[in-house]
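Visitor: Dropping a structure here in structure tokens format, bear with me for questions.
Just so you know, all these numbers are worked out from the coordinates, no wet-lab data involved. What you see is a predicted model, and the numbers here were worked out from it, not measured in a lab. Counting neighbours? That spans all protein chains shown, and the Cβs are built from the backbone with ideal geometry, glycine included.
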Amino acid sequence: MEYKHKEIEKRWQQRWKEDKTYKAEIDGKKPKYYVLDMFPYPSGAGLHVGHPLGYIASDILARYKRLKGFNVLHPMGYDAYGLPAEQYAIQTGQHPEVTTKKNIARYREQLDNIGFCFDWDREVRTCDPGYYKWTQWAFIQMFSHYYDTREQKAKPIADLIAHFEAKGTEGVHAAASKELKFKAEQWKAMDEKQKSDTLMNYRIAYLGNTMVNWCPKLGTVLANDEVSEGVSVRGGYPVEQKLMYQWCLRVSAYAERLLAGLEKLQWSDSIKETQRNWIGKSEGAEMQFKVKDSDVEMTIFTTRADTVFGVTFMVLAPESKYVDMVTTPEKKAEVEAYRQEIKHKTERERMIDKKVSGVWTGAYAINPLSGKEIPIWVSDYVLAGYGTGAIMAVPAHDSRDYAFAKHFDLPIIPLIEGADVSEQSYDAKEGKVINSCGGELDLNGLDVKEAIAKTKRFIEEKGIGKVKTNYRLRDAIFSRQRYWGEPFPVYYKDGIPHMLSEDCLPLQLPEIDKYLPTETGEPPLGRAKGWETPEGYKLELNTMPGFAGSSAYYLRYMDPHNDQALVGKEANDYWRSVDLYVGGTEHATGHLIYSRFWNKFLYDLGKVCEDEPFKKLINQGMIQGRSNFVYRIKDTNTFVSLGLKDKYDVTPIHVDVNIVSNDILDVEAFKAWRPEYATAEFILEDGKYVCGWAVEKMSKSMFNVVNPDDIVEKYGADTLRLYEMFLGPVEQSKPWDTNGIDGVNRFIKKLWNLFYKGDQWLVTDEKSSAESLKSIHKLIKKVTADIEAFSYNTSVSAFMICVNELTQQKCHSREVLEMLVVLLAPFAPHVCEELWHALGHESSVCDAQWPDWNEEYLVEKNVTYPVSFNGKPRFNLTVAVDTPAADIEKAALSDPAAAKWLEGKTVKKVIVVPGKIVNIVIG
RNA sequence: GGCCGAAUGGUGGAAUGGUAGACACGAGGGACUUAAAAUCCCUUGGCUGCAAAGCUGUGUGGGUUCGAGUCCCACUUCGGCUACCA
């Protein structure tokens, strides 16, 4: 029997499918383990070898946990709504669903080729009405709840209404867009529209005016993680800021819980830190500044209350509501001109152009502590969206204020002893405070931290301001002016939004004739005929963003066919939450925040039993491409090999990596690759054409895309799986390099040769030798530890060592080989299944039991210590394994080899590390 | 600017503070073969040496330690994320 990967892999993939080998069902007798991959967006390009890296790693863990006796849930599905399918639809008129289905079929085929143990009966697709019913349902729940800041949880909006009826806003503790104050009578006097608008201020899903990332070219709003450096990630079109009336989710209400929840998660420090930064908690103070000759009071936010005596001016964001309130009539035109100028700059222009700009409003404010008059400026370096959109500027101790002060020649007052502010500001929060005494407050001589605390106490006592915690985390904008997304379960009656009743769900996405906005500028859904309720009320024209469908999909996998609930109680109580989540770091501030928010909300409603969705997170690294180059001599059709290229004037040209092997060009394939190369000539080295290489992003234009299907075809899925793991630590980014894959392929053949020699079956029932038992138990110990630690590259090495040892030992013992097959099964399931059955088993190797190692087989009779003098190893000393440390020391000193080193020297110290080393320090 | 991570042979990468370079690729040599492929064996960080052996060596400079690739401090370079967040 020869190792024929194609036959073997096809056969077992077929059997697994027929037998539903990987079907997961609730089983109270077994502990559960939920392993999840971030589901892919099925793009038209299909998978390249980088994509399955994380899937292979999680697949290994899923299979391992199953062998360890866990009931494993390992599902897969598709994040099916997305811009590319919609863009394609606009260009071609092809319905996005058609494109998406086609892409999904292609993805499925590619995934199946690799032999994953997904339970496909649990597949979800976000664009499936049976699925998005629950996305719509969750939205209705968010609309119908508000966030109680005292109880720190979501509560029914009806409770809030009852409170308003009874006491107005008195004693209300609710997360809100802005602070409102009204009495019960005022509430009762409101008409329906006013009440609706008021409640929008509190609802978790609400309509509000927000600055959004607007992409005119795509005709839609984009999420922050869909924008990079001022252009859209998809398409690279410019993005501008625009104020729009949009559906939003009050994610900010959960800021503190999202921050606190990180503590108990087994996520990498870097991703937790990224989330902490994104949430951006900052503890400071809000302070009131009166405007001179006016009754306007401006509220500012600062974390440096101690620097209030160094405030030499104030700055307002151009969009700030205070600008109109304070600007003097003679400055009006100038200020307005500046605001217009800023408005027309895109985010990108603002970033490139870091010039200091601003304009004086003509007004002065009064420093509440020193009583000094300070000018009020407007500048775009102050952001409207953070804090109050107004700051007190302390140029001596803030670099941005410093740059502004220098540019406009404003005074700079140093407040910290020894700080030289002639060239730059001193931003550090340390040192002794000076120049800070006025009125009833004296901070001089205090440490900065003490001064901050003292100032905070003072302003609270005097009613000048209050201690305030700010979060950078903003509410999520939830509307998209697109077709290919979940429709909102919303209709409008007299201009007031209402939710559809739950039994109308799912509200299905209607068919439309074109996928473009309407002539009147409405979103594409404006084209849908009969897009209204049976009563004739207009339905919402926006659709939901990409993260809507991906925020709770992990819950749906637990109970994917339930039409009564997102997830049934029984299923949720059993599967609870994801034990291991594998995916890329690019979702750190998008999906991973929104999912946590979504889950916490459902937790507040008692719909799910765990507060956090993903217990442990592993971020697989990115696989970069490894491009190959040929060197064409200028103005010729002659190509020169890498080693000789410096002798000519050459142009490097990307060449398809699939016609290069171990950096050697397949010359005939190259000639056939492009018509213009058909007549190409070559200058070879040793009869070969050697290509150059470089690490670049894996993309079609670099001709460095490697399709897993090609690898599977040539070497088999098992080789691909092992090789991807062998490349290096899963979490590390690395270039794909097909050179080296032969090594793991050889390993599988060597493994095969332990079982077969030609057609001869080699396995015997003879007693295993001590050395083979040692080899295999060493392997069990190593692989068990490595899998738990996610160190798969060293596991693969351990397998290679073990197989080499067994080959050398000519070990064909059934006992040893059975264990080997079980251990390797998570990594190379096909060949192991084949060998497992060849060993006479009826059931799948998936149902075998993970072997335990026995230390006894690993124990050495004798131990060899390297004996060192002053840390340099000099000779080896072999003693019985349980020799006491003192006797090892004695043996080392009396060994004849030691005499040479001890001659004429005194022994200062002898260090014996049991089992490891003897070091003799001589002087 | 902020945060995080990395730096070890020709290459990918191993090393609970204890013989650096496991394992694999590549390269060189050899066996088998008419030949090639496949397979197997040997060598492979650098320097000196016929050899035995010795010296040197984990980005740079310091430190802790009997002992540092590993821990601490400073620096250099390269990646990733994030960014006028007051």
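Visitor: Once the Cα gyration tensor of segment A:1-99 is diagonalised, what are the square roots of 5 times its eigenvalues, in whole Å and ordered largest first, as equivalent ellipsoid semi-axes?
Guide: So the equivalent ellipsoid measures 32, 20, 13 Å along its semi-axes.
Visitor: Need one number: nm distance between label points at A:H407 and A:R276, each 7 Å from Cα along Cα→Cβ, rounded to one decimal.
Guide: Inter-label distance under the simple model: 3.3 nm.
Visitor: Let me ask something additional. Hey, what's the per residue convex hull volume over the C-alpha atoms of segment A:680-834, in cubic angstrom? Spell out each step's value before the answer.
Guide: Numbers: hull volume 24.5 nm³, N = 155.
Looking at segment A:680-834, the number lands at 158 Å³ per residue.
Visitor: Let me ask something else about it. Return the Cα extents of segment A:395-477 along principal axes one, two and three, sorted largest first, each rounded to a whole Å.
Guide: 40, 39, 22
Visitor: If you average 1/r over all unlike Cα pairs in segment A:135-203 and invert the result, what Kirkwood radius do you get in angstrom?
Guide: 12.3 Å
Visitor: Explain nothing, just the number: relative contact order of segment A:478-601, from Cα pairs under 8 Å at least 6 residues apart, as a whole percent.
Guide: 26 percent
Visitor: Can I ask one more? Straight-line reach from A:K290: which aspartates and glutamates have Cα under 16 Å away, leaving out those fewer than 8 places along the same chain?
Guide: Partners within reach: A:D324, A:E373.
Visitor: In terms of the ratio Rg/(2.2 N^0.38 Å) built on C-alpha atoms, what value belongs to segment A:286-349?
Guide: 1.31
Visitor: Still on this structure, please answer the following. Mind putting a number on the dipole of segment A:493-641 about its Cα centre? Charges go on the C-beta only, +1 for Lys and Arg and -1 for Asp and Glu, and I need it in Debye to the nearest 20.
Guide: Charge dipole, segment A:493-641, about its Cα centre: 900 debye, nearest 20.
Visitor: Working from the alpha-carbon coordinates of segment A:349-426, get Rg over Rh, Rh being the Kirkwood radius.
Guide: Ratio value, two decimals: 0.97.
Visitor: Check which residues have an amide H placed less than 5 Å from A:S232's amide H, if you skip close sequence neighbours.
Guide: For A:S232, the qualifying residues are A:Y237, A:V239.
Visitor: Right, another one. So for segment A:30-154, averaging the separation of alpha carbon pairs under 8 Å that are six or more residues apart and normalising by length, what relative contact order in percent results?
Guide: 29 percent
Visitor: Counting only DSSP beta bridges with both residues in segment A:580-714, tell me the antiparallel percent, nearest 5.
Guide: 70 percent
Visitor: Tally the DSSP beta bridges in chain A and give the antiparallel ones as a percent, rounded to 5.
Guide: Rounded to the nearest five, the antiparallel share is 80 percent.
Visitor: Taking 0.36 nm per residue of sequence separation and subtracting the Cα-Cα distance, how much length would be gained by fully extending the chain between A:H173 and A:S144, in nm to one decimal?
Guide: Gain on extension, A:H173 to A:S144, equals 8.8 nm.
Visitor: Is the shape of segment A:78-132 best called rounded, prolate or oblate, per the rule: a/c under 1.5 gives rounded, else a/b larger than b/c gives prolate, else oblate, with a ≥ b ≥ c the square roots of the Cα gyration tensor eigenvalues? Kindly include the intermediate steps, with their values, before the conclusion.
Guide: Working: a/c = 3.18, a/b = 1.64, b/c = 1.95.
In terms of gyration-tensor shape, oblate.
Visitor: On to the next question. For segment A:607-694, report the convex hull volume of the alpha-carbon atoms normalised per residue, in Å³, without decimals.
Guide: Details: hull volume 15.0 nm³, N = 88.
Roughly 171 Å³ of hull volume per residue.
Visitor: Once you sort the root eigenvalues of the Cα gyration tensor of segment A:195-339 as a ≥ b ≥ c, which label holds: rounded (a/c under 1.5), prolate (a/b larger than b/c) or oblate (the other case)?
Guide: Judged from the Cα gyration tensor, segment A:195-339 comes out oblate (a/c at least 1.5, b/c at or above a/b).
Visitor: Between segment A:219-271 and segment A:61-77, what is the C-alpha centre distance in whole Å?
Guide: Result: 32 Å between the Cα centres.
Visitor: When only Cα pairs under 8 Å and 6 or more residues apart are kept, what is the percent relative contact order across chain A?
Guide: 13 percent
Visitor: May I pose another question? Return the FRET efficiency for the residue pair A:Q564, A:Y492: r is the Cβ-Cβ distance, R0 is 30 Å, and the value is rounded to the nearest 0.05.
Guide: That pair, A:Q564 with A:Y492, gives E of 0.55.
Visitor: Cross-link partners among lysines for A:K734, C-alpha distance below 17 Å, same-chain residues fewer than 8 apart left out?
Guide: Leaving aside lysines fewer than 8 places away in the same chain, those within reach of A:K734 are A:K697.
Visitor: For a test of the definition: using alpha carbon positions, the gyration tensor, and the 1.5 limit on a/c, classify segment A:546-651 as rounded, prolate or oblate.
Guide: It comes out prolate by the Cα gyration axes.
Visitor: Given 0.36 nm per residue, what is the gain on full extension from A:R106 to A:A789 after removing their alpha carbon distance, in nm?
Guide: Net length gain for the segment: 242.6 nm.
Visitor: How big is the charge dipole of chain A about its Cα centre, in debye rounded to the nearest 20, if each Lys and Arg gets +1 on its Cβ and each Asp and Glu gets -1 on its Cβ?
Guide: 880 debye
Visitor: Per 0.36 nm of contour for each residue apart, how much would the distance between A:S399 and A:I26 grow if the chain were fully extended, relative to their Cα-Cα spacing? Walk me through the intermediate numbers first.
Guide: On the way: separation 373, 0.36 × 373 = 134.28 nm, distance 5.90 nm.
Gain on extension, A:S399 to A:I26, equals 128.4 nm.
Visitor: Something else about it: List the pair-distance distribution P(r) of chain A, using every Cα-Cα distance, as the percent of pairs falling in each 20 Å bin from 0 up to the bin containing the longest distance, rounded to whole percents.
Guide: In order of increasing distance, the bins hold 11, 32, 33, 20, 4, 0 percent.
Visitor: Thinking of segment A:659-751 as a set of Cα atoms, what percent of all their pairs are more than 23 Å apart?
Guide: I get 36 percent for the Cα pairs in segment A:659-751 exceeding 23 Å.
Visitor: Separate question: Counting other beta carbons within 10 Å of each Cβ, put A:L605, A:L222, A:L642 in order, fewest first.
Guide: Values: A:L605 17, A:L222 23, A:L642 20.
Starting with the residue having the fewest Cβ neighbours, the order is A:L605, A:L642, A:L222.
Visitor: Under a 5 Å amide H to amide H cut-off, with H placed in plane at 1.01 Å, what residues pair with A:L243 once short-range neighbours are removed?
Guide: A:V212
Visitor: Please give every one of the aspartates and glutamates within straight-line cross-link reach of A:K242, meaning a C-alpha to C-alpha distance under 18 Å, and leave out same-chain neighbours fewer than 8 residues apart.
Guide: In chain and number order, the partners are A:D225, A:E226, A:E229, A:E319, A:E336, A:E341, A:E347, A:E349, A:D380, A:D475, A:E522.
Visitor: Nearest 10 degrees, 0 to 90: what angle lies between the long axis of helix A:792-808 and the longest principal axis of chain A (Cα atoms)?
Guide: Tilt relative to chain A: about 0 degrees.
Visitor: Sticking to Cα atoms, compute the Rg of segment A:234-278 to one decimal and its Dmax as the biggest Cα-Cα distance, whole number, in Å.
Guide: Calculated on Cα positions, Rg and Dmax stand at 15.5, 40 Å.
Visitor: For A:N637 and A:E336, what is the calculated FRET efficiency with R₀ set at 60 Å and r taken between the beta-carbons, to the nearest 0.05?
Guide: 0.40
Visitor: Tell me the Rg and the Dmax, in Å, that the Cα atoms of segment A:658-713 produce.
Guide: Rg and Dmax of segment A:658-713, Cα atoms, are 12.7, 33 Å.
Visitor: Taking one equal scatterer on every alpha-carbon of segment A:421-527, how large is log10 of I(q)/I(0) by Debye at q = 0.10, 0.18 1/Å?
Guide: Reported log10 I(q)/I(0), two decimals: -0.62, -1.09.
Visitor: Considering amide H positions built from the backbone, and no H for Pro or chain starts, which residues 5 or more places from A:L73, or on another chain, come under 5 Å of its amide H?
Guide: Placed amide hydrogens put A:Y33, A:Y34, A:V35 under 5 Å from A:L73.
Visitor: Going down the table (A:K264/A:K600; A:K4/A:K757; A:K17/A:K757; A:K23/A:K781; A:K272/A:K454; A:K714/A:K774), which pairs top 24 Å between alpha carbons?
Guide: From A:K264/A:K600; A:K4/A:K757; A:K17/A:K757; A:K23/A:K781; A:K272/A:K454; A:K714/A:K774, over 24 Å: A:K17/A:K757; A:K23/A:K781; A:K272/A:K454; A:K714/A:K774.
Visitor: If we count other beta carbons within 10 Å of each Cβ, what is the order of A:S791, A:S551, fewest first?
Guide: In order of increasing Cβ crowding within 10 Å: A:S791, A:S551.
Visitor: Between A:I683 and A:L644, with labels modelled 7 Å along Cα→Cβ, what's the label distance in nm to one decimal, could you check?
Guide: Each label point is offset 7 Å from its Cα along the Cβ direction, giving 0.6 nm.
Visitor: Any chance you could list the semi-axes, whole Å, largest first, of the equivalent ellipsoid that the Cα gyration tensor gives for segment A:573-615, using √(5λ)?
Guide: 20, 13, 5
Visitor: Using only Cα positions of segment A:210-256, each an equal point scatterer, no hydration layer, compute I(q)/I(0) via Debye at q = 0.14, 0.32 Å⁻¹ and quote the log10 values to two decimals.
Guide: Calculated log10 I(q)/I(0) at the listed q: -0.37, -1.16.
Visitor: Also, quick follow-up: Starting with the fewest neighbours, write out A:S501, A:S813 ranked by other beta-carbon atoms found within 10 Å of each beta-carbon.
Guide: Working: A:S501 9, A:S813 22.
Result, fewest neighbours first: A:S501, A:S813.
Visitor: Mind giving me the nanometre distance, one decimal, between the label points for A:I366 and A:E586, set 7 Å out from Cα along Cα→Cβ?
Guide: 5.6 nm
Visitor: Using a Förster radius of 60 Å, what is the FRET efficiency between A:E668 and A:T299 based on their Cβ-Cβ separation? Nearest 0.05, please.
Guide: Efficiency for this residue pair is about 0.20.
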